[in-house]
Amino acid sequence: MTLRRRSLLSGLAIGATLPRVAIAQADTRPSITIAVQVLSTSGTLEPMREQSNVGFRIMPSFSEPLIGIDWLVSQRAEPMLATAWRRIDAKTLELTLRDNVVMHDGRTMTAEDVAFTFSRERMWTGLAADSRGLFVSTTAGQGGKTPPPEAVAISRAHFPGFEKMEVVDARTVRFVNSVPDVTLEGRLTRTSGAIFSRAAFDAAPSWLDWARKPVGTGPYRIVSHRPGQDLVLEAHDEYWGGRPPLKSIRLVEVPDVAGRVNGLLAGDYDFICDLPPDQIGGVERSARHEVVGGPINNIRLIVWDKTHPVLANPLVRRAMSHSIDRQAIVDSLWSGRTAVPRGLQWDVYGEMMIRDWEAPRFDIAEARRLLREANYRGEPIPYQLLNNYYTGQVASSQILVEGWRAAGLNVQIEMKENWGQILGRFPGRGLCDNSNTAVFNDPVAPMSVYGPGGQTWAAGQWQNDEAPRLLDALQVETDLAKRRATFQRLLTLTEREDPAYTVLFQTANFTGKRKDMPWRASQSFVMEFTARNWGA
């Protein structure tokens with residue numbers, strides 16, 4: 001049981017004083033340095049702009065939603081800033097707020113902060129990114145406090161039926177949807193549902209100033225943020241979950257894998273992220289270091305652009321899917337430490353998992369047959385590629401291109417510097433790497449990417465008239481058998497009939513660290529540094 005300060009002080013005699021040594025005692029908690037490949041894709045830390053794997057890694061340290069996910073063990077929902085929740089009806093979720101949550105600006109979180117988080121001025125103001133994609137605009141917004149187009153696009157994708165956040169009383173709020181949705185609880189666990197200080201937002205000079213240093217409720221607060229360089233967090237000692245175990249955390253951007261590994265071994269870094277399997281042995285040969293991690297709730301994909309004249313033919317996309325030796329990628333690049341998934345789904349779906357579903361088989365003969373049927377004549381197909389944003393990305397692309405060449409496909413790699421050069425609307429887009437995450441344990445979480453407002457849809461890479469109807473049905477339907485049938489139809493559409501993507505492998509996330517650091521890797525990109533994951 002945690003004693004509140006008022007209860008503790010009530011036991012002291014009037015006029016008693018606390019020992020001076022307690023006030024002057026040195027802070028002996030460790031400070032750590034973490035080397036990452038990229039801090040954020042946008043140069044900001046605002047979830048309504050930074051929706052990425054790298055952002056997902058650090059956001060829970062400084063921001064929290066009403067309902068959380070236990071990424072360490074169960075991958076299931078757990079109380080966070082709300083201690084309890086209940087359904088009022090199919091469209092309304094009532095939540096009881098946690099008492100005495102102190103925000104990073106020293107204010108106590110109120111129901112008004114919750115309402116502000118989902119307000120028009122933060123999430124719904126400005127032009128949507130329907131014709132641009134989610135990683136294309138600048139971070140400057142549209143002037144003043146108006147968010148960039150991504151904020152509205154992400155709001156629509158993550159909370160498509162949102163009507164209002166209703167304040168019932170000081171400790172009770174209601175999330176009200178315009179339509180029934182069986183996934184409301186899951187949607188509120190997303191980083192886009194993290195609660196922030198209204199007063200701090202109002203005080204920020206501009207949206208960009210706010211977005212680079214948002215004020216939340218997490219165990220650590222942002223001290224400084226230099227985009228492309230480093231991020232410094234310090235312990236938020238009034239954290240509702242107890243005193244954080246670390247004094248400070250510095251995340252430094254080190255794009256080169258060798259630089260991260262050498263820095264770890266030299267003692268410059270305590271942790272390094274995004275470690276490729278071929279570097280694990282070098283780290284583990286050090287008596288002072290170890291590697292932790294494994295498969296997580298993310299799947300690596302290839303996404304097709306239907307607007308390309310060659311890829312407009314679904315037979316070509318299907319042929320490309322059958323030309324991929326997924327197991328060879330898992331064995332050669334990942335040392336067998338991960339697996340080929342059953343399409344875009346995870347075991348955490350439970351009864352919603354379609355267990356007899358498989359990724360397209362590796363079949364060069366079938367690929368050649370499909371290409372003949374498509375009347376493919378060797379036309380070039382561009383493959384826009386980033387330089388190892390994903391672990392082992394360039395190496396896996398080389399295996400893919402060889403498989404496509406064997407089937408008779410003329411795929412040409414085009415190296416790009418950022419996501420805007422890949423997802424922006426320009427002539428000549430072809431295919432690109434991507435990934436998708438089960439941010440909560442229901443198919444709606446990843447599949448919404450392929451509906452209106454989702455990244456792939458908004459970027460104009462893939463659209464299909466049937467997909468929105470299927471997604472709507474998946475959200476509204478409560479009968480398990482009908483939901484499963486709808487999900488299977490959506491998988492059939494997006495992976496076989498009119499492919500939007502093809503799965504490659506389940507992502508494995510490896511972290512190199514000092515052995516004496518008592519920390520566990522999670523089943524996601526999230527790095528948790530709370531008391532339950534330090535020395536527990």
Residues other than Pro382 with Cβ under 12 Å of its Cβ, Lys/Arg counted +1 and Asp/Glu -1, net out at -1
Dimensionless Rg/Rh of region 377-499, both radii on Cα and Rh by Kirkwood, sits at 1.02
As straight-line cross-link partners of Lys247, the qualifying lysines (C-alpha separation under 25 Å, not fewer than 8 residues apart within one chain) are Lys213, Lys513, Lys515
Of all C-alpha pairs within the chain, those more than 40 angstrom apart amount in percent to 24
On the formula 1/(1 + (r/R0)^6), with r taken between the Cβ atoms of Asp89 and Ala287 and R0 of 56 Å, the FRET efficiency rounded to 0.05 is 0.40
Place a point 7 Å from the Cα of Val223 in the direction of its beta carbon; the residues of region 237-257 whose amide N falls under 16 Å from it are 237-238, 244-253
Each label sits 7 Å from Cα toward the beta-carbon; between Arg489 and Ser74 the label points are separated, in nm, by 3.3
Helix 480-492 sits off the longest principal axis of the Cα atoms of the chain, rounded to the nearest 10 on a 0 to 90 degree scale, by 50
Using the Kirkwood radius over Cα pairs of region 437-476, the Stokes-Einstein translational diffusion coefficient at 25 °C and 0.890 mPa s, in µm²/s and rounded to a whole number, is 239
Expressed in µm² per second, the diffusion coefficient of region 175-219 from the Stokes-Einstein equation, with Rh the Kirkwood radius over alpha carbon pairs, at 10 °C and 1.306 mPa s, is 126
For Lys164, the lysines lying under 20 Å Cα to Cα, once residues fewer than eight places off in the same chain are dropped, come out as Lys91
Among region 265-291, those whose backbone N falls under 18 Å of a label point 7 Å along Cα→Cβ from Arg337 are 265, 270-291
Hydrodynamic radius by Kirkwood for region 169-313, inverse mean 1/r across distinct Cα pairs, in Å, is 20.1
Here FRET efficiency (C-beta to C-beta, Lys515 to Ala406, R₀ 51 Å, nearest 0.05) is 0.70
Val179 and Ser31 label points (each 7 Å along its Cα→Cβ direction) are spaced in nm at 5.1
Rounded to the nearest 5, the percent of DSSP beta bridges in the chain running antiparallel is 75
Each label sits 7 Å from Cα toward the beta-carbon; between Arg532 and Asp202 the label points are separated, in nm, by 3.4
Here the gain from full extension of Ala258 to Arg372, 0.36 nm per residue of separation minus their alpha-carbon distance, amounts to 36.6 nm
Net charge (Lys, Arg +1; Asp, Glu -1) of residues whose beta-carbon lies under 13 Å from that of Asp105, Asp105 excluded, is +1
Whole-number value, in Å³ per residue, for the convex hull of the alpha carbons of region 469-531 is 156
When the charge dipole of the chain is computed with +1 at the Cβ of Lys and Arg and -1 at the Cβ of Asp and Glu, the Cα pointing farthest to the positive end, of Gly293, Ala339, Tyr501, is that of Gly293
So, relative contact order of region 143-247 in percent, Cα under 8 Å, 6 or more apart, is 18
Under the Karplus relation with 6.51, -1.76 and 1.60 and θ = phi - 60°, whole-Hz ³J(HN,Hα) for region 91-98, x at Gly and Pro, equal 10, 10, 10, 9, 10, 9, 7, 5
Cα extents of region 294-427 along the principal axes, largest first, in whole Å, come to 42, 35, 28
Of every Cα-Cα pair in region 217-297, the percentage lying beyond 23 Å is 38
Excluding ligands, DNA and RNA, the carbon-plus-sulfur percentage of the accessible area of the chain with a 1.4 Å probe reads 49
Rg/Rh of region 144-241 (Cα atoms, Kirkwood Rh), to two decimals, equals 0.99
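The values are calculated or read from the model by the stated rules, or taken from the named source; none is laboratory data. Source: prediction; values computed, not measured. Glycine gets a Cβ as well: all are built from the backbone with ideal geometry, and neighbour counts include every protein chain shown. Accessible surface is based on the protein model in full, side chains and every heavy atom, while ligands, DNA and RNA are left aside. Shrake-Rupley method; radii C 1.70, N 1.55, O 1.52, S 1.80 Å.
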